[in-house]
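Encoded as structure tokens, the structure appears first; notes follow it.
Coordinate-derived values only; no laboratory data. What you are looking at is a predicted structure, and each value in this text was computed from that prediction instead of being measured. Methodologically, a virtual Cβ is constructed for each residue, glycine included, from the backbone with ideal geometry; neighbour enumeration extends over all protein chains shown.
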Amino acid sequence: MKNIVILGGSYAGISTAHRLLKHVGKTAPFKITLVSPNTHFYWSMAAARGLVPGQISDEQLFRPIAEGFEQYPANQFKFVLGSAESVNVEAKHVGISGSTGASTLDYDFLIIATGSRAKGDAPFKGVGSTEDTKAARNGFHVRVEKARTIVVAGGGVTGCETAGELAYEYGREKEIIFIAGHPTLLSGTPTTFSTYVQKSLQTLKVNLKLSTQVKNATQLPDGSYELLLSTGEKLTTDTYIPTFGLTPNSSYLPTEFLDPKGYVVVDSYLKVLGVKDVWAIGDVSNCEWSQLIPANKQSAHLAKSIMLLLNNKTPLPYKTISHRITGMQIGRNKGIGHFGSWIIPSFVIVYVRRMLFMEKMGAWLDGSEF
């Protein structure tokens, strides 16, 4: 029997575990151990709206991971609450730190799916344990409710959605300032896409400061922030929300596995470059951009690859997605998307994202989605 260890209890790790248990388990014997520092799965696709007080409850955003796997026999699946601390590819074991102390897991196959975290302190992704993430959300709710001025910084999708959600709720009673470093929002996307987002935010009374960067942010004794901008201006705000991208959760891995930004370097089979029987998928991998669509595609491919290996067959290389797909909302009544240069109209995005895909959460957790 092969021991398959999956590190990470988010989109990529959970979907891969279910795919293996539902399909591969019928053809070859193995046991999966899923390791996660979180007791609950966090539906981070709804995180931007979830920062607005009263919009989405903890019960809607967080659901227990272990419950989704109760359908499988104990000799085929185990959930371990803990964090990966080290990986020894020669000895083929993983060092784990949990509430009961340190332990070691041996593996035949290792899947790294530990995801990423936001660079700022906003809980756009998990910030540690489930309780840590809930506490961070609730802390943000208090800050947002009290604030009269809110600065969102960073001109990407997360920043645009966050500014839009806040402005939709508070645009007439709080000042929402959005700072972006490029002359236009969403640099690198089709002009129609970025222009629509920019005009929609302005309609919601967002104060845009383009071609501007936050050079330094200092929290003052009263909890407000003083921001030094690239223009030389100093700006004081009650709440500051930076949205400067993601940091991969890879600090436990040997540095030779990582690129300069900390992402795991993989080959065309999603295997960690130069390492036997170790794969990396999702946000932690350097294969594709950080989003559910590529993570799901990588998960499906890897499950098939492992099925082939367990049956002594040769896996096929992974085909990356040819065009980036992006869909986003600006407030709750407008949205836009693009697939390469093709624009997806507002009414389609608003309809598809009306529940922020939370209706799929149960099927993702119990595996019926796969």
> Over the C-alpha atoms of region 190-283, what are the Rg and the largest Cα-to-Cα span, Dmax, in Å?
Replying inline: 20.2, 54
> Which of the GluC sites (Glu not before Pro) across region 98-202 are loop residues per DSSP, with 15 or fewer other Cβ within 10 Å?
Replying inline: Glu173
>> List the lysines whose Cα sits under 22 Å from the Cα of Lys31, skipping any in the same chain fewer than 8 residues away.
In response: Lys2, Lys22, Lys78, Lys92, Lys271, Lys276, Lys304, Lys313
> In whole Å, how far is the Cα centre of region 345-362 from that of region 32-98?
Replying inline: 24 Å
> Do you know the relative contact order of region 165-291, to the nearest whole percent, from alpha carbon pairs under 8 angstrom that are 6+ apart?
Replying inline: 14 percent
>> Can you compute 3J(HN,Hα) from phi for each residue in region 340-353, using the Karplus curve 6.51 cos²θ - 1.76 cosθ + 1.60 with θ = phi - 60°, rounded to whole Hz and x for Gly and Pro?
In response: x, 8, 7, 9, 9, x, 4, 5, 5, 4, 4, 5, 5, 9
>> Take Ser103 and Thr191, extend 7 Å from each Cα along the Cα→Cβ direction, and tell me the distance between the two endpoints in nm.
In response: 5.9 nm
> How large is ³J(HN,Hα) for each residue in region 362-370, as worked out from phi by the Karplus curve 6.51 cos²θ - 1.76 cosθ + 1.60 (θ = phi - 60°), to whole Hz, x for Gly and Pro?
Replying inline: x, 5, 5, 6, 9, x, 5, 5, 10
> Over region 282-370, what is the relative contact order in whole percent, taking alpha-carbon pairs under 8 Å and six or more residues apart?
Replying inline: 14 percent
> What are the residues whose amide H is under 5 Å from the amide H of Leu270, where those residues sit 5 or more places off or on another chain and H is modelled from the backbone?
Replying inline: Tyr318
>> If each DSSP helix of 4+ residues adds -39,500 (n - 2.57) and the sum is divided by the residues in the chain, what number results at 222 nm, nearest 500 deg cm²/dmol?
In response: -8000 deg cm²/dmol
> At Lys22 and Leu220, where each label point lies 7 Å from the Cα along Cα→Cβ, what is the point-to-point distance in nanometres?
Replying inline: 5.3 nm
> To the nearest 20 debye, what is the magnitude of the charge dipole of region 119-244 about its Cα centre, counting +1 on the Cβ of each Lys and Arg and -1 on the Cβ of each Asp and Glu?
Replying inline: 220 debye
> For region 109-125, what does the Karplus curve 6.51 cos²θ - 1.76 cosθ + 1.60, with θ = phi - 60°, yield as ³J(HN,Hα) per residue in whole Hz, taken in order and with x for Gly and Pro?
Replying inline: 10, 10, 10, 9, 9, 8, x, 8, 9, 6, 6, x, 9, 6, x, 6, 10
> Can you give the net charge of the other residues whose Cβ lies under 13 Å from the Cβ of Asp108, counting K and R as +1 and D and E as -1?
Replying inline: +2
> Highest mean first, what order results for 216-228, 5-17 on Cβ atoms within 10 Å?
Replying inline: 5-17, 216-228
> For the chain, what is the charge dipole size about the Cα centre, in debye to the nearest 20, if Lys and Arg each add +1 at the Cβ and Asp and Glu each add -1 at the Cβ?
Replying inline: 900 debye
> Label points 7 Å out from Cα along the Cβ direction at Asp259 and Ala363: separation in nm?
Replying inline: 3.2 nm
> What is the dipole size for region 269-370, taken about its Cα centre, with +1 at each Lys and Arg Cβ and -1 at each Asp and Glu Cβ, in debye to the nearest 20?
Replying inline: 220 debye
> Which of the DSSP-defined H helices in the chain satisfy a minimum axial length of 24 Å, computed from C-alpha atoms, and a minimum mean Kyte-Doolittle hydropathy of -0.5?
Replying inline: 292-310
> Under a 5 Å amide H to amide H cut-off, with H placed in plane at 1.01 Å, what residues pair with Gly245 once short-range neighbours are removed?
Replying inline: Lys119
> Please identify the trypsin sites (Lys or Arg not before Pro) of region 182-279 that satisfy two criteria: DSSP loop assignment and at most 11 other Cβ atoms within 10 Å. Which are they?
Replying inline: Lys261, Lys276
> For region 134-208, which chymotrypsin sites (Phe, Trp or Tyr not before Pro) are in a loop by DSSP, counting at most 12 other Cβ atoms within 10 Å?
Replying inline: none
> So who's got an amide H within less than 5 Å of the one on Ser116, skipping anything under 5 residues away but keeping other chains? H placed 1.01 Å off N, in plane.
Replying inline: Asn249
> Under a straight-distance cross-link criterion of Cα-Cα below 24 Å, which lysines are reachable from Lys205, leaving out those fewer than 8 residues away in the same chain?
Replying inline: Lys146, Lys174, Lys234, Lys334
